[in-house]
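The values are calculated or read from the model by the stated rules, or taken from the named source; none is laboratory data. Just so it is clear, the structure is predicted and the values come from calculations on it, not from any experiment. Every residue, glycine as well, gets a Cβ built from its backbone with ideal geometry; the counts of neighbours run over all protein chains shown. The area values use the complete protein model at the heavy-atom level, side chains included, leaving out ligands, DNA and RNA. Shrake-Rupley method; radii C 1.70, N 1.55, O 1.52, S 1.80 Å.
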Amino acid sequence: MFPASFEYVKANSIRDAISILSDDDDAKVLAGGHSLLPLMKLRLAAPGTLVDIGGIRELSYIEDKGDHIAIGALTRHHDIEHSGLLKESVPFLSYVASLVGDPSVRHRGTIGGSISHGDGASDLPAAVLALDGDLVVEGPSGERIIKASEFFIGFLETALGQGEILKEIRVPKITGGWSYQKFNRRAQDWAIVGVAAVSVGETKVSLVNMGSVPLRAYATEETLKNGGSIEEASEKASEGLQPPSDLNASAEYRKHLAKVLVNRALTETLAQ
Amino acid sequence: MTAVETSSSERVTGQRLLRREDPELLTGEAKFVDDLAQQDVLHMAIVRSPVARAKIISIDTSAARAIDGVVGVYTGRDLKDLWQQPMPCAWVVTPDMKNPAHFPLAVDSVNYMGDAVAVVLANDKVIASDAVASIEVEYEELPPVLDLEESATDKVVIHPELGTNTSYVWALEPDNAKLEAAFSSAAHVVKGRFVQQRLIPSAMEPRGLLIVPQPYGGEYTLYSSTQIPHILKIMIAVTLGISESKIRVVAPSVGGGFGSKLNVYAEELLAFTLAKKTGKPIRWMEERSENALATVHGRGQIQEIELAADSDGKVLGIRANLLADMGAYLQLLTPGVPLLGGFLYHGLYDVAAYSFKCTGLFTNKTPTDAYRGAGRPEATFAIERGMDLLAHEMGIDPAEIRRRNFIPKEKFPYSSSPGLVFDSGNYLPNLEMALEKVGYSKLREEQFQLRSQNSKKHLGIGLSCYVEMCGLAPSKVLASLNYSAGGWEAATVRLLPTGKVQVVTGTAPHGQGHETSWAMIVADRLGINPDDVEVLHSDTSISPHGLDTYGSRSLSVGGTAIFMATGKVLDKARQIAAHQLEVAPEDLEYQDGNFSVKGSSEKKMALGQVAFEAFTAHNLPDGMEPTLEATTTWDPPNFTFPFGTHIAVVEIDEDTGDVKLVKYVAVDDVGNQINPMIVEGQIEGGIAQGVGQALFEEAIYDESGNLLTSTLAEYLVPSATELPNFELGSTFTPSPSNPMGVKGVGEAGCIASPPAVINAVVDALSTFGVKHIDMPASPEKIWNAIHQD
């Protein structure tokens, strides 16, 4: 279908975008458009105004900040996939980006857009969770940092306030092992279940498509921390979770997949 | 210069000529219907039922009418009197077949999600879309019938005026006593129940049209993304009561069809009616989700097959029984599609006793109709699964059970028990070539090794041997099936004064590369460069006679017509040349585009020169008509019978149920090949489409009759990343039923691949006691099968 009619504004700077967004609670940020536009075409979303931040070039960068890597929110998946710096310092993130959608999605979609959309079935939000990254947001009252673990609140709902825009993603350099297990039927699809595991000091594990938001597998992490085996930790993968049932998988099958994939992810991570 | 991939030989046919269609298609220059510029055009959009079955209580169009730019809004009631007849069904398979009247817009009730209830005309397509969203329809919902076995009970009757959900029962029972005897004397009887899930054809270009009333003469030109411009023209004339000579149908570049554009659709009739009513050009382009709802679906059958075999595994008799899902209404060929497979449930095996029965049933779902293979993939699936069940029961290798049952080479032409005459076949070498190519014994060894190591990776090897009847079709055979048209094809070959050749064909290519292949046939026959041959098609004003493209018919029927018309032209040219060179026609040799007198190198005449002489008509033999042109309408004496062996190798992950197709070998025998590269393209696309059915695709409805797979995010069409490189080979058994020995290749890949893949999946899971898994074999289904008790 065609989207319902909407106003279109091109923002020239992040301040510009914030001021439009703060004045208009029916406005939505448009970055790569790969999550928002399909919803609009199905008329499942009908924002009154689209604020296009795609032209703000200074929001696309990948920089070495010593103890962490800073990634501009408008950096496209393709650039994350192919960044020499990331391949060196956070190869996990490059690998996850390489599995998002298909090449045309990766050329248009942005990391900030994907995280701000907060889809529990997307790869990059879960990746940033497993990295325990920091999200730098800017709004009418200035800049603040939100922990990734506190960013995803509910179905397509994040901690971003009215008028706030995600500006930068900060992730630690990976010192230990990592793994990303994406289980799907076609390469271009969302994960039926995905599991990310990253060791930076301790091992953190996150889950894709096991709930309405990207999730940390805290019970698994806790078991590991307390000296539990990989098998024991994997058994806890879906503890307390209510994964969705859909055409690709029942909730029960998802729980089973989560165990298998957590096991594989931990085995791979801890072997490195 | 035409690019040739490999070094040239003397013959044009058999070479891997690059397709002349492709530069335009690949650079985005090709003109599809939505690319055709038209001024002062109205945009049509359709209001569709969001429910599966309901009475229409009221339709409020007032908000839509109030939108600036909306030109007209019409309901079924508004247009009811304009239809001369209901939508056409051209295949009344039994005299008592039930066919509910079905009009382009529903009048009182809707019977599937997507049924059209109102139409909007607006100055802009977005306005039309907004207007559709503003129309309020009040429905009184009725319980839908969604399951075939439930439909057969008639507990709820969808069309009360018919009194039943059964459209027809069609049986082919040549000799029941013989069949009973076969089963009662059998050492082994195996039975299978298989579900052919509903499929959404998903052509890359959805349907679309542009209709333009002509400024004078009262004619209408309909540009439609269709496979059947000729049939469409006739059907519009009949359904709307318009003189056929006032209708011109053009199919511009068409982005695939797979049978889904072999139909006469509500939107075509609506647009025609509204163009007549408003006098304005009208444009409509289907949306992707609309395509999933409003374009016909494919397959949708429950199959039961029984095989009776003797103690050597020789099959003595076959009994097949189908329930076939018609959907809510009968479209152009809906009832006949399952019957096209009805003659082939014994596959390429020599089986003496046979019966087939099909019950066509209505459901509250999108109508079904032809989809690549149309009946033959279903038949092949049932027999090839059946052969594996038999092999498994008897502990015989699947390759060996097939060897023991093939129709032997010396039995051709072979009269089959269902009543066909297979004109040619040589199955054994084809199977052996495929086994060799895939490394069959090595794979079996590898499978044994993995099993003895208790590996969680399970290897499965699946065979599928197929034969199909294609090249639709001998008109007399179609008559015996109560199909209401013939199966011939027409061609005109014309030498222009400048020596260039113009070919007019009644075939309607939509991705097949006819322009390239037809030019090659003519160039080969005339000894000229294919670049000098132009092919005109898909415009009923240019090619008045034609029966279009479907059923792997275009080469063996349409191509043969071209071959024969070219021969006629050459005969006439020879007479002109003989006359001018003052020799007898039989004293002339013809080579590389030149007539020359045998034994003399000086007395010769080029074909182009003959063409010019035919044009000027200054010096023709007495009584000869000027110009050099011939027409042939070829009605084939028989179907053609391509065959082959496909072998799929899968790996299954026991822990997750994940299935990967890791190797695929196909050895096909499509007779003589005009352009092997085009043949390979057809085979590869067909295999991919069949793998889609085997592993990925299914039109899924919920319990209320909502289609849940209406976008390409839910309806899983596989892409190249899900497929291995296909390893292809050919054997060559020319068809004796046409002069070029060709057979057709459009559907072969799609016919052969589903059983190959499912046989491989079941083979991999045989250690878990799994005997069958329905398509699509998803990871969850496989995981459940592994963990069932």
Checklist entry - When you go through (1) within 11 Å of chain A (Cβ to nearest Cβ); (2) under 22 Å from B:SER289 (Cα atoms) one by one for B:THR721, which number turns out not to apply? => result (2)
Checklist entry - What about A:GLU88, is it without any contact (Cβ under 8 Å) to a residue 12 or more places away in the chain and over 26 Å from A:ARG186 (Cα atoms)? => result yes
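Consider A:LEU166 carefully, then state whether it is closer than 24 Å to A:GLU138 by Cα and open to solvent by less than 10 Å² (accessible area, probe 1.4 Å). Lay out the reasoning, then the answer.
Values: closer than 24 Å to A:GLU138 by Cα: yes; open to solvent by less than 10 Å² (accessible area, probe 1.4 Å): yes.
When the stated conditions are applied, A:LEU166 passes them.
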Checklist outcome for this item: Counting only strands (runs of 3 or more DSSP E) wholly inside region B:566-640, the ones holding at least 2 residues that are in contact with a Leu (Cβ under 7 Å, 6 or more places away or on another chain), surrounded by 17 or more Cβ atoms within 10 Å (Cβ to Cβ) and among the hydrophobic types (A, V, I, L, M, F, W, C) are B:594-597
Next on the checklist: Would you confirm, using the coordinates I've provided, whether B:ARG288 is open to solvent by 20 Å² or more (accessible area, probe 1.4 Å) and of a type in the set (Lys, Arg)?
Outcome noted: yes
Next on the checklist: Could you check region B:230-279 and list, in sequence order, the residues that are at positive phi and small (Gly, Ala, Ser)?
Outcome noted: B:GLY241, B:GLY256, B:GLY259, B:GLY279
Checklist entry - In region B:490-502, is there at least one residue being farther than 22 Å from B:GLU613 by Cα and either out of contact with any strand residue (DSSP E or B) (no Cβ under 8 Å at 6 or more places or on another chain) or touching a residue at least 12 places away in the same chain (Cβ under 8 Å) (or both)? => result yes
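Scan region A:243-260 and give yes if some residue there is in contact with a helix residue (DSSP H, G or I) (Cβ under 6 Å, 6 or more places away or on another chain), within 12 Å of chain B (Cβ to nearest Cβ) and either open to solvent by 30 Å² or more (accessible area, probe 1.4 Å) or of a type in the set (D, E, K, R) (or both), otherwise no.
Going through region A:243-260, the residues in contact with a helix residue (DSSP H, G or I) (Cβ under 6 Å, 6 or more places away or on another chain) turn out to be A:243, A:245, A:249, A:253, A:259.
From what's left, within 12 Å of chain B (Cβ to nearest Cβ): A:245, A:249, A:253, A:259.
Next, only the ones that are either open to solvent by 30 Å² or more (accessible area, probe 1.4 Å) or of a type in the set (D, E, K, R) (or both) stay: A:245, A:259.
Yes; the residues of region A:243-260 include at least one that is in contact with a helix residue (DSSP H, G or I) (Cβ under 6 Å, 6 or more places away or on another chain), within 12 Å of chain B (Cβ to nearest Cβ) and either open to solvent by 30 Å² or more (accessible area, probe 1.4 Å) or of a type in the set (D, E, K, R) (or both).
This table checks each residue for (1) closer than 21 Å to B:THR656 by Cβ; (2) open to solvent by less than 30 Å² (accessible area, probe 1.4 Å); (3) not in a loop (DSSP other than H, G, I, E, B).
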| position | (1), (2), (3) |
| --- | --- |
| A:VAL195 | yes, yes, yes |
| A:SER212 | no, no, no |
| A:GLY228 | no, yes, no |
| A:ALA233 | yes, yes, yes |
Item to check | Sole exception among (1) touching a helix residue (DSSP H, G or I) at 6+ places or on another chain (Cβ under 6 Å); (2) within 12 Å of chain A (Cβ to nearest Cβ); (3) outside any loop (DSSP other than H, G, I, E, B); (4) surrounded by fewer than 23 Cβ atoms within 10 Å (Cβ to Cβ) for B:GLY729, by number | outcome: (2)
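Here is a yes/no grid of residues against (1) touching a Ser or Thr at 6+ places or on another chain (Cβ under 8 Å); (2) touching a residue at least 60 places away in the same chain (Cβ under 8 Å); (3) farther than 14 Å from B:PHE362 by Cα:
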{"residue": "B:LYS98", "(1), (2), (3)": "yes, yes, no"}
{"residue": "B:SER109", "(1), (2), (3)": "no, no, yes"}
{"residue": "B:GLY114", "(1), (2), (3)": "yes, yes, yes"}
{"residue": "B:GLU141", "(1), (2), (3)": "no, yes, yes"}
{"residue": "B:PRO144", "(1), (2), (3)": "yes, yes, no"}
{"residue": "B:THR153", "(1), (2), (3)": "no, no, no"}
{"residue": "B:HIS159", "(1), (2), (3)": "no, yes, no"}
Checklist outcome for this item: Out of (1) at pLDDT 95 or above; (2) of a type outside the set (Val, Ile, Thr); (3) open to solvent by 80 Å² or more (accessible area, probe 1.4 Å); (4) assigned to a loop (DSSP other than H, G, I, E, B), the one B:LYS55 does not meet is (4)
Next on the checklist: Can you say whether A:THR175 is of a type in the set (Val, Ile, Thr) and open to solvent by less than 30 Å² (accessible area, probe 1.4 Å), as far as the supplied structure shows?
Outcome noted: no
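Residue-by-condition table, conditions (1) over 20 Å from the mean Cα position of the chain (by Cα); (2) touching a residue at least 40 places away in the same chain (Cβ under 8 Å); (3) closer than 22 Å to B:ARG372 by Cβ:
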residue	(1), (2), (3)
B:VAL691	no, yes, yes
B:GLU698	no, yes, yes
B:GLU703	yes, yes, no
B:SER710	yes, yes, yes
B:GLU714	yes, no, yes
B:ALA720	yes, no, yes
B:PRO724	yes, yes, yes
B:THR733	yes, yes, no
B:PRO736	yes, yes, no
Item to check | Top-ranked residue in region B:641-661 [being open to solvent by 10 Å² or more (accessible area, probe 1.4 Å) and within 14 Å of chain A (Cβ to nearest Cβ); ranked as farthest from B:ARG403 (Cα to Cα)] | outcome: B:ASP655
Next on the checklist: Could you check region B:12-47 and list, in sequence order, the residues that are open to solvent by 40 Å² or more (accessible area, probe 1.4 Å) and within 19 Å of B:GLY208 (Cβ to Cβ)?
Outcome noted: B:GLU24, B:LEU25, B:GLY28, B:GLU29, B:LYS31, B:PHE32, B:ASP34, B:ASP35, B:ALA37, B:GLN38, B:GLN39, B:ASP40
Checklist outcome for this item: The correct count of residues that are within 14 Å of chain A (Cβ to nearest Cβ) and in a helix (DSSP H, G or I) in region B:762-781 is 3
Checklist outcome for this item: Filtering region B:409-448 down to residues that are in contact with a Leu (Cβ under 8 Å, 6 or more places away or on another chain), open to solvent by 20 Å² or more (accessible area, probe 1.4 Å) and under 25 Å from B:GLY341 (Cα atoms) yields B:LYS409, B:GLY419
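Select, from B:GLY506, B:GLY559, B:GLY511, the only residue that is of a type in the set (Gly, Ala, Ser), open to solvent by 10 Å² or more (accessible area, probe 1.4 Å) and touching an Asp or Glu at 6+ places or on another chain (Cβ under 9 Å).
Details: B:GLY506 fails: open to solvent by 10 Å² or more (accessible area, probe 1.4 Å); B:GLY559 fails: open to solvent by 10 Å² or more (accessible area, probe 1.4 Å).
Among B:GLY506, B:GLY559, B:GLY511, only B:GLY511 is of a type in the set (Gly, Ala, Ser), open to solvent by 10 Å² or more (accessible area, probe 1.4 Å) and touching an Asp or Glu at 6+ places or on another chain (Cβ under 9 Å).
Against the condition more than 14 Å from chain B (Cβ to nearest Cβ) and not charged (D, E, K, R), how does A:GLY194 come out, does it pass?
Working: more than 14 Å from chain B (Cβ to nearest Cβ): no; not charged (D, E, K, R): yes.
The answer is no for A:GLY194.
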Checklist outcome for this item: Within region B:688-705, residues within 25 Å of B:VAL110 (Cα to Cα), away from every other protein chain (no Cβ under 12 Å), open to solvent by 20 Å² or more (accessible area, probe 1.4 Å) and of a type outside the set (Asp, Glu) come out as B:SER704
Checklist outcome for this item: Those residues of region A:123-170 that are out of contact with any Lys or Arg (no Cβ under 7 Å at 6 or more places or on another chain) and more than 21 Å from A:ALA197 (Cβ to Cβ) come to a total of 24
Next on the checklist: Looking only at helices (runs of 4 or more DSSP H) that lie completely in region B:117-214, which have at least 2 residues being out of contact with any Phe, Trp or Tyr (no Cβ under 6 Å at 6 or more places or on another chain) and within 14 Å of chain A (Cβ to nearest Cβ)?
Outcome noted: B:125-134
Checklist entry - If we scan region B:663-670, do we find a residue that is open to solvent by 10 Å² or more (accessible area, probe 1.4 Å), within 14 Å of chain A (Cβ to nearest Cβ) and basic (Lys, Arg)? => result no
Checklist entry - Pairs under 8 Å by beta carbon, first residue within 19 Å of B:LYS663 (Cα to Cα) and modelled with pLDDT of 95 or more in region B:446-468, partner of a type in the set (Phe, Trp, Tyr) and surrounded by fewer than 23 Cβ atoms within 10 Å (Cβ to Cβ), six or more apart or different chains? => result B:ILE461/B:TYR440; B:CYS465/B:PHE406
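Would you check if A:ILE174 is away from chain B (no Cβ under 14 Å), not in a strand (DSSP E or B) and not acidic (Asp, Glu)? Before you say what the answer is, go through the steps one by one.
Values: away from chain B (no Cβ under 14 Å): yes; not in a strand (DSSP E or B): yes; not acidic (Asp, Glu): yes.
The answer is yes for A:ILE174.
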